[in-house]
Amino acid sequence: MRDTVIVGGGPAGLAAAYRLSRFPEQHVSLLERAPVTGGLAAGFSYGSYTLDFGPHRLHTAIDQEILTDLKDFLGDDLVLNRRQGLIRLSGKYIPFPVGPGSLLQLGLRNILKISLGLASARLPASESTNRSYESELQRRFGKPLYKMFYGPYAEKTWGLPGSQIASDQAEKRVNQRGPADLWRALLGSGTSAYYYYPKKGFGMIPGAYEKAIADDCNVQVHLHSSVEAIEWREHQILRVHCNINGESIGTDPANVVWTAPLPELINRLIPGPPAAVVQAVSSLRYRAIVLFYVVLDIPRVGQADTYYFPETRYPFNRIIEQKNFSPDMVPPDMTVLCMDIPCSAEGGVFSLSDAELLEMVMPGLEEAGLAGSEQVVEVFSRRFKYAYPIYDLSYESAIEKTMAWVKELANLWLVGRQGLFMHNNTHHSLYMGYRVADAIANDSRGSWDSELEQFAAFRVAD
């Protein structure tokens, strides 16, 4: 029997545990610090509402083997929905994903500005050493479109000016490489217009994986549990010191799969890594998020599932109307809006009371035509310190230096958004979980570098 410790019970950790459970010689201990599995992909109940932690959808780009498993787990509860998104620009709502006629709704003046910008876009990559998210996207699409949408939205998400955001995020988050790709997106339609969603909330997905391993005697899921220290020597993790339900326990695993924030791993290694690695990891930062829920005493605000607000005058960057993902989640005579508010974890918005948050967002909700103060019945929030890795201009060198050292630990495997400091979608994290399990079960460490290269090429979809 080969023991694997999985740290973190989000999508990547749960998928790895499930996949390893398919191999009889594998024994798995999954450690999750929270009282439930799923991480940000989990859902929760609040009164008569079933809610997600912000906007979640399962994109149709999901690996087909994983989709088959989920269909087996969830059956008719996994539904294919058509996307119903809207972006608010210049006081108007425009359909998202973009399609025929989207730009026409911006008005002649904005169309002319955008067209001139597109005409002046320089398609050959710049040789400048000062490339950034801003310079890359302005090169592709010109300044007007960048300043109207791409720039403000990114700056709200990461809390940095576009000139200080790494240029690789333009590649990972913007699928259109230039004007021709943009026009094709505007004039066409495809599978991105649809997504999979469980009838009783996105939390059914991590719940399905947990249920699939619940009766397997070779898999133990430990909640309220964490890693205190990791001993290593000669390129091998030897012992993991855990706190499981308040009890300190040591284990000597054959493999460790780490999906928790990368700095937490480095801080728990005994002996500590070289000073250069510690310094590199200490420079990595995360953006926190406040999810603010507003209950309204009306049946529905509109038909959109998600509203996008790139303009900086709005304190939120996205709003979902939960029942438009699935009508089974909120009573027919009420509706719930959830606002996605990125912020710093230190003071400021993150420390505001719910009453103060309502005062902050209400003018924007009213101006956007989504709610009036007289309709608000109740408000509450959920807050997460590690929501988005921050990709500043120095992050790539810090990650490269860290990964070059970490990969020398032959039985340590990093996966998931937090473990790889990689902002991705849920289907990406599930895929990573499956692949790391296969690599462990087949003892194929030699091919892992190529898997990591594939993960690094993932493109994020909103």
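The values are calculated or read from the model by the stated rules, or taken from the named source; none is laboratory data. All values derive from a computational prediction rather than experimental measurement. Quick reminder, even Gly has a Cβ in these numbers, built from the backbone with ideal geometry, and neighbours come from all protein chains shown. Only protein heavy atoms, including side chains, enter the accessible area calculation; ligands, DNA and RNA are left aside. Shrake-Rupley method; radii C 1.70, N 1.55, O 1.52, S 1.80 Å.
Do the conditions hold for I111, that is, is it modelled with pLDDT under 95 and among the β-branched types (V, I, T)? Yes. Can you tell me which residue in segment 291-309 is farthest from the chain's Cα centre (by Cα), limited to those that are open to solvent by less than 40 Å² (accessible area, probe 1.4 Å) and within 11 Å of L86 (Cα to Cα)? Ranking the candidates gives G302 first. Taken over segment 392-428, the residue count meeting the criterion of being open to solvent by 10 Å² or more (accessible area, probe 1.4 Å) and among the polar types (S, T, N, Q) is 5. Listed conditions (1) at pLDDT 95 or above; (2) closer than 26 Å to E311 by Cα; (3) surrounded by fewer than 23 Cβ atoms within 10 Å (Cβ to Cβ) are all met by L365, apart from (3).
The single condition among (1) free of Cβ contacts under 8 Å to residues at least 24 places away in the same chain; (2) touching a Cys at 6+ places or on another chain (Cβ under 6 Å) that I320 does not meet is (1).
Against the list (1) closer than 30 Å to E378 by Cα; (2) surrounded by 21 or more Cβ atoms within 10 Å (Cβ to Cβ), the condition A34 fails is (2). With respect to the stated conditions, L123 fails to be at pLDDT 95 or above and not acidic (D, E).
Evaluated against (1) surrounded by 15 or more Cβ atoms within 10 Å (Cβ to Cβ); (2) in contact with a Cys (Cβ under 8 Å, 6 or more places away or on another chain), E228 falls short on exactly one condition, (1). On the stretch given as segment 54-85, residues that are out of contact with any Phe, Trp or Tyr (no Cβ under 7 Å at 6 or more places or on another chain), open to solvent by 30 Å² or more (accessible area, probe 1.4 Å) and not hydroxyl-bearing (S, T, Y) total 10. The residue that is farthest from A212 (Cα to Cα), counting only those in segment 86-96 that are in contact with a strand residue (DSSP E or B) (Cβ under 7 Å, 6 or more places away or on another chain) and open to solvent by 30 Å² or more (accessible area, probe 1.4 Å), is Y93.
Just so you know, in segment 148-175 the residues that are in contact with a Lys or Arg (Cβ under 7 Å, 6 or more places away or on another chain) and outside any helix (DSSP H, G or I) include one that is modelled with the lowest pLDDT, and it is N175. The set of residues in segment 279-337 that are under 30 Å from L420 (Cα atoms) and small (G, A, S) comprises A280, S282, S283, A288. The set of residues from segment 391-418 being closer than 22 Å to R33 by Cβ and within 18 Å of the chain's Cα centre (by Cα) comprises L414, V415, G416, R417, Q418. One residue stands out among those in segment 325-348 that are of a type outside the set (G, A, S) and open to solvent by 40 Å² or more (accessible area, probe 1.4 Å): the one that is modelled with the lowest pLDDT, which is E346. The single condition from (1) surrounded by 21 or more Cβ atoms within 10 Å (Cβ to Cβ); (2) at pLDDT below 95; (3) in contact with a strand residue (DSSP E or B) (Cβ under 9 Å, 6 or more places away or on another chain) that S192 fails is (1). Restricting attention to segment 426-462, the residues that are over 14 Å from P389 (Cβ atoms) and touching a residue at least 60 places away in the same chain (Cβ under 8 Å) add up to 15. Counting only residues that are touching a strand residue (DSSP E or B) at 6+ places or on another chain (Cβ under 7 Å), within 22 Å of V436 (Cα to Cα) and open to solvent by 60 Å² or more (accessible area, probe 1.4 Å), segment 234-267 holds 3 of them.
Here segment 7-31 is the region considered, the condition is being out of contact with any Asp or Glu (no Cβ under 6 Å at 6 or more places or on another chain) and open to solvent by 20 Å² or more (accessible area, probe 1.4 Å), and the residue that is nearest to L269 (Cα to Cα) is S29.
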